[in-house]
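> Just dropping this structure here.
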Amino acid sequence: MAENTPSPEQIRTMTRRSFAGLALGAGAALGGWFFLRSAADDGDLPWPLRATHRFNELLGRALFSHRHLAPEFGPEAIAPEPRVNGSIGRPDTPTREVFIEGPDGAIGQWKTTALLTGLPRTEHTTELKCIEGWSQVVHWGGVRFADVAAHYRWPVAECPYVALETASGDYHVGLDTPSLLHPQTLLCDTMNGEPLPEPHGGPLRLVIPVKYGIKNLKWLGRIRFATQRPSDYWAERGYDWYAGL
Ligand SMILES: Nc1nc2c(c(=O)[nH]1)N[C@H]1C(S)=C(S)[C@@H](COP(=O)(O)O)O[C@H]1N2
Ligand SMILES: [Mo]
């Protein structure tokens with residue numbers, strides 16, 4: 001018999017081992033499944049999954065700070081033909097106005113095209129990361145959300161949360177105010193040096209590189225400052241509410 005060929009006795013041992021391994025694996029998987037099934041429901045997710053989400057959120061919050069910037073890229077990294085992804089809440093005609101609300105009701109309304117006029121402009125080349133697993137580098141331009149909020153005296157200090165919505169409200173994102181005030185977070189009206197194309201959210205969108213693509217709301221129509229954590233289109237469908245990178 002050749003040296004590398006296992007003896008019948010060795011084969012029996014190997015087979016016993018792999019059966020044991022299979023049984024163990026199957027047992028663990030089944031056990032895990034029963035564990036999830038039997039766990040008391042907390043919201044729509046079994047609590048072990050919710051606990052994981054909560055842990056991710058805490059980790060995200062702990063790692064987040066204004067000193068932590070999303071990586072910026074050189075012009076050579078810019079995607080030549082940026083992909084359009086997601087059209088929920090896309091209006092039939094360009095959104096003309098942005099409505100601003102606080103916890104006690106309406107604060108005001110601004111023409112979409114006039115909201116940023118005269119404010120200090122910012123640009124950066126960053127990666128838009130979709131939660132589906134792809135990403136693209138884009139050169140964005142606009143005004144820091146923090147600068148817009150300071151200029152109009154929006155109630156950021158009193159409100160730990162902000163909801164942003166399309167005019168129809170069909171797409172809406174909930175954000176923690178610190179992420180919105182991050183220096184790379186923009187109310188954006190240009191993309192790769194051109195007016196923001198309508199399929200990418202023109203005339204006005206949010207660009208927030210410290211969050212996944214889902215939070216980068218296109219076709220901005222409403223900003224609502226809130227004391228309670230607002231609902232969020234994708235969080236309602238099981239994704240992490242915080243969605244930080
Ligand atoms: N109003 C609205 N904004 C949206 C979406 C959407 O469906 N509707 N999709 C989001 C998702 S999942 C991604 S990845 C980005 C994609 O931006 P882009 O089309 O400019 O590449 O937009 C986000 N903003
Ligand atoms: Mo996405």
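> List, largest first, the extents of the alpha carbons of the range 148-211 along their principal axes, each in whole Å.
35, 26, 23
> Using unit Cβ charges (K, R positive; D, E negative) and no other charged atoms, how large, in debye to the nearest 20, is the dipole of the range 85-191 about its Cα centre? Don't skip to the answer; put the middle values down first.
On the way: 7 positive and 13 negative charges, 61 e Å.
Its charge dipole is roughly 300 debye.
> Here's something else I'd like to know. Keeping every protein chain in place, order ILE78, ILE107, ILE214, ILE100 by accessible area at 1.4 Å, biggest value first, i.e. largest first.
Listed by decreasing accessible area, they come as ILE107, ILE78, ILE214, ILE100.
> Considering only protein heavy atoms, with the full assembly of protein chains and a 1.4 angstrom probe, order PHE99, PHE225 by accessible area, largest first.
PHE99, PHE225
> Among 231-243, 146-158, how do they line up from the highest to the lowest mean number of other beta-carbon atoms within 10 Å?
With the highest mean Cβ count within 10 Å placed first, the list reads 231-243, 146-158.
> Let me ask something else. Using 0.36 nm per residue of separation minus the Cα-Cα distance, give me the extension gain between GLU123 and ALA150 in nm, one decimal.
Gain on extension, GLU123 to ALA150, equals 7.9 nm.
> Under 1.5 on a/c is rounded, so check that first for the range 110-155, then, if it is not, pick prolate when a/b is larger than b/c and oblate when it is not; a ≥ b ≥ c are the square roots of the alpha carbon gyration tensor eigenvalues.
Numbers: a/c = 2.63, a/b = 2.16, b/c = 1.22.
Prolate, because a/c is 1.5 or more and a/b exceeds b/c.
> While we're here: Using modelled amide H (1.01 Å from N, peptide plane; none on Pro or chain starts), what sits under 5 Å from the amide H of HIS139, excluding residues fewer than 5 places away?
Excluding prolines and chain starts, which carry no amide H, the hits are ASN192.
> Which parts of the range 195-212 would a label at ALA114 reach, counting a residue when its backbone N lies under 17 Å from a point 7 Å out along Cα-to-Cβ?
Correct set: 203-204.
> Between GLU76 and GLN228, what FRET efficiency follows from the Cβ-Cβ distance if R0 is 41 Å, with the result rounded to 0.05?
Once the sixth-power term is evaluated, E becomes 0.40.
The values are calculated or read from the model by the stated rules, or taken from the named source; none is laboratory data. Just so it is clear, the structure is predicted and the values come from calculations on it, not from any experiment. Glycine also receives a Cβ, built like all others from the backbone with ideal geometry; neighbour counts cover every protein chain displayed. Side chains are part of the model used for accessible areas, which takes the heavy atoms of the whole protein and leaves out ligands, DNA and RNA. Shrake-Rupley method; radii C 1.70, N 1.55, O 1.52, S 1.80 Å.
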